[in-house]
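What follows is calculated from the coordinates using simple rules that are stated; it is not laboratory data. Only a predicted model underlies this, so the values are computations on that prediction, with no experimental measurement involved. Note: ideal-geometry Cβ built from the backbone for every residue, glycine included; neighbour counts use all protein chains shown.
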Amino acid sequence: MNQASTRSHCIFTIHLCSKELGSAVVRRSKLHLVDLAGSERVGKTGVGGQILTEAKYINLSLHYLEQ
């Protein structure tokens, strides 16, 4: 929608390991932190046609990811 857009997504993955003293059991976990670029208000951009359809799908997918 914008040739010079600065929107981007960012994903951080943190790997966690823990072990109790005297135990051979190691617990491992992953924590994903996701920052999604916000949706654009298509009414303000004035786009139409194929670009408008793509913007609607992008905004809809961000909506479902938020859920």
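With R₀ fixed at 30 Å, the C-beta to C-beta distance from residue 54 to residue 33 puts the FRET efficiency at about 0.65. Between residue 19 and residue 65, the contour length at 0.36 nm per residue exceeds the alpha carbon distance by 13.2 nm.
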